[in-house]
Amino acid sequence: MRSNPRLSHQILLQHCIAVALPPPGACPSEIPSQAGSDVAAALRERDRQRQGGRKSLTHCGGSTAMGNAQDKPPGSGGGGGRSDQAAAGSGTRSRGGGGAEKPHRAPGKGVVNGSQRENSPAGGQQRQHSPAVDTSYLDAPAGALPPHLARLKNAGNHLFKNGQFGDALEKYTQAIDGCAEAGIDSPEDLGILYSNRAACFLKDGNSTECIQDCTKALELQPYSLKPLLRRAMAYETLERYKKAYVDYKTVLQVDTGVQSARDSVHRITKMLIDEEGPQWRENLPEIPTVPLSVQLEHRDKPVSAEVAQARAARAAQDEATKKEARFTLLKREGNDLVKKGTFQKAMEKYTECLALKPEECALYTNRSICFLKLNRFEEAKQDCDSALQLEPGNKKAFYRRALAYKGLQVPDYLSASSDLQEVLQLDPNVREAELELEEVTGLLRQSLMDSTAHTPRIRGKLKHPYLKLFLNILNHYPFFVNTVRLSSFQISHTSL
């Protein structure tokens with residue numbers, strides 16, 4: 001019976017593969033070196049059995065080069081070629097001449113038309129572990145959210161800061177649901193998420209949901225300040241004042257410096273006294289006692305940058321409120337003292353006001369009155385100067401500075417006249433300024449007469465026609481000063 005070359009080739013090839021392949025799970029480096037010589041001997045035996053076999057088979061990187069195919073016997077047909085193609089399809093070995101082979105396999109890849117890849121233990125193992133598993137959370141420190149949940153939380157924080165409370169609420173809800181799906185039960189992370197979502201509910205006016213989330217946050221982290229404060233505000237919004245009072249008092253046990261809680265306690269106390277009378281405390285729910293360890297822990301807890309900034313802003317606001325209240329009180333006291341004629345004490349009150357608000361123009365004009373009444377004309381003039389720097393059109397400052405010029409040890413009637421003219425230009429109906437201008441004009445005329453009369457060199461020139469005309473105008477027409485600006489009219493002794 002004639003042997004089938006194709007069948008014998010396949011049997012031989014399977015034997016070679018069985019010898020060359022490593023055991024399941026073995027690395028390519030674990031193949032015994034003897035396997036290469038056994039494969040070479042088997043292939044040489046095949047070549048001797050094949051009649052006229054002059055075929056050379058070469059595998060180079062998975063490609064097959066066929067040589068002398070036209071010299072095969074007619075009886076072999078294409079079988080030899082197909083068998084060689086099957087061998088070439090394995091892509092596992094290359095040999096030249098009759099030397100021994102060293103088997104080589106690509107990592108994780110089988111042979112024989114893909115059947116070995118599917119049935120190979122290595123191939124099956126590779127398919128089992130092919131799905132990518134996110135293990136980033138396993139390496140995260142305790143109390144840290146996975147990246148996708150942390151992004152949701154941060155997005156919620158950003159939206160909340162921008163006033164988009166509804167959108168922020170959705171982000172926090174997604175983060176809470178994501179923690180449940182991932183099996184995350186970190187009390188710190190979940191407590192913060194519930195507390196933040198409670199803040200969104202409170203901003204949206206949903207006090208009931210706010211109370212529920214704050215209660216969950218407090219179950220996870222007892223005596224946490226923010227959930228206590230938010231729940232207290234929600235209770236107060238719902239007019240459940242007793243529960244709000246209890247939460248506010250608990251907050252003050254944890255941190256006595258929370259001014260909003262202190263103010264709320266005073267406010268609610270008055271309301272409860274009005275509603276229930278002196279026995280209102282007997283109807284309160286029990287106020288929990290905060291453990292000393294919690295108080296110490298909160299006291300020693302480092303403050304974040306945001307909390308520090310918020311505290312600084314609140315402190316600045318409180319300081320501004322106190323400053324405004326003190327300023328109003330001092331100014332009112334100063335005004336009352338002026339009405340009583342107690343100018344020294346009034347001046348002191350205005351000075352204290354200026355230490356709080358140095359840019360308040362009215363304080364300078366008010367204090368200038370006190371200086372005028374105390375005959376401290378230079379200081380009165382300085383206060384009017386300061387007022388006019390702040391308000392260049394302040395007619396009170398012009399009028400009182402004119403009085404200060406008039407009262408100086410060396411009176412400056414010319415400057416006083418100029419300031420009184422400014423007053424009448426700003427408001428022609430100021431009768432006091434008109435009367436004062438008449439008086440100052442007379443004093444200016446008299447001062448000119450006195451200064452020239454006591455100058456020996458010009459004593460004989462008092463009958464100068466121009467000087468006599470000017471003095472006569474000042475005597476009979478004091479409002480001539482409104483037309484001829486005395487500030488630009490100079491009379492020098494040397495010019496006469």
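We did not get these values from a lab; they are worked out from the coordinates using the rules stated. Please read all numbers here as calculations on a predicted model, not as lab measurements. For neighbour counting, all protein chains shown are included, and Cβ atoms are generated from backbone atoms with ideal geometry for every residue, glycine included.
Assorted remarks:
- Remark: for residue pairs Lys203/Lys331; Lys270/Lys339; Lys216/Lys322; Lys171/Lys249; Lys171/Lys226, the C-alpha separation exceeds 27 Å in Lys203/Lys331; Lys270/Lys339; Lys216/Lys322; Lys171/Lys249.
- Violating pairs (Cα-Cα greater than 25 angstrom) within the set Lys349/Lys373; Lys349/Lys395; Lys242/Lys323: Lys242/Lys323
- Cα-Cα pairs of the stretch 300-419 separated by more than 25 Å (percent): 37 percent
- Residue exposure sequence - Arg231, Arg281 - by fewest surrounding Cβ within 10 Å: Arg281, Arg231
- Packing rank of 396-405, 438-447, 338-347, where each peptide gets the mean count of other beta carbons within 10 Å, highest leading: 396-405, 438-447, 338-347
- Note, ³J(HN,Hα) from phi for the stretch 287-297, Karplus 6.51, -1.76, 1.60, rounded to Hz, x at Gly and Pro: 8, x, 9, 6, x, 4, 4, 5, 4, 5, 5
- On the principal axes of its alpha-carbon atoms, the stretch 238-340 has extents of 56, 43, 25 Å, going from largest to smallest.
- Tail beyond 14 Å, pair distance distribution of the stretch 148-215 (Cα, percent): 53 percent
- Across the stretch 338-348, computed HN-Hα scalar couplings (Karplus, 6.51 cos²θ - 1.76 cosθ + 1.60, θ = phi - 60°) run 5, 4, 7, x, 8, 6, 5, 5, 5, 4, 5 Hz from first to last residue, x flagging Gly and Pro.
- Projected-area mean, the stretch 205-258, by convex hull of Cα positions, square nanometres: 3.3 nm²
- Across the stretch 149-302, Cα-Cα pairs more than 28 Å apart make up 25 percent of the total.
- The length gained by stretching the chain between Glu276 and Gln409 to full extension, at 0.36 nm per residue less their Cα-Cα distance, is 40.9 nm.
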